[in-house]
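Asks: Got a structure for you, questions after.
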Amino acid sequence: MAGRCTFADSQKTPRLSPEIALNAEALLQKAATQTGLSDFGDDAFREPYELLLQSLREEARLNTQGVIMLQQTILRLLVSRLLTEQAFAANPEMAKTPIEQPLYILGFPRTGTTLLHNLLSRDPAARWLESRDFMNR
């Protein structure tokens, strides 16, 4: 039947390889290319970063959508790291700013974390991060 996709046809669709999509050096290079930056800061992040990617490639049993989502998420985080390092290099006084009582809001999706963030951000004595401050668009 023309125009109809069967289960057998769907099995012929090539699967995105986690070995390629979640390659540590390739993701670093892609983030550097996107930003035009190359300073990722202290190399202490590299071993855990590589272990995470190895685990995702070898243990997570990701489908194509999972591979794509994780590739995009990790790339976004690497871009944010590059931009953060650039901001600190351009404004070294930021590192001297004391943060006396940081407050972190963590939670699962749909549990009220955004509502709590919005409520706490109304305090004029507090400084909070806007999405644009930590997310790469």
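Asks: From zero up to wherever the largest Cα-Cα distance of the stretch 10-94 sits, split into 10 Å bins and tell me the percent of pairs in each.
Replies: 17, 44, 26, 10, 3, 1
Asks: Compare the peptides 77-83, 59-65, 101-107 by average per-residue count of other Cβ atoms within 10 angstrom and give them in order, highest first.
Replies: 77-83, 59-65, 101-107
Taken together, the values in this text are just the output of simple stated rules run on the coordinates, not laboratory data. Remember, it's a predicted structure, so these values are computed and weren't measured experimentally. When we count neighbours, we look across all protein chains shown, and the Cβ atoms used for this are built from the backbone with ideal geometry, even at glycine.
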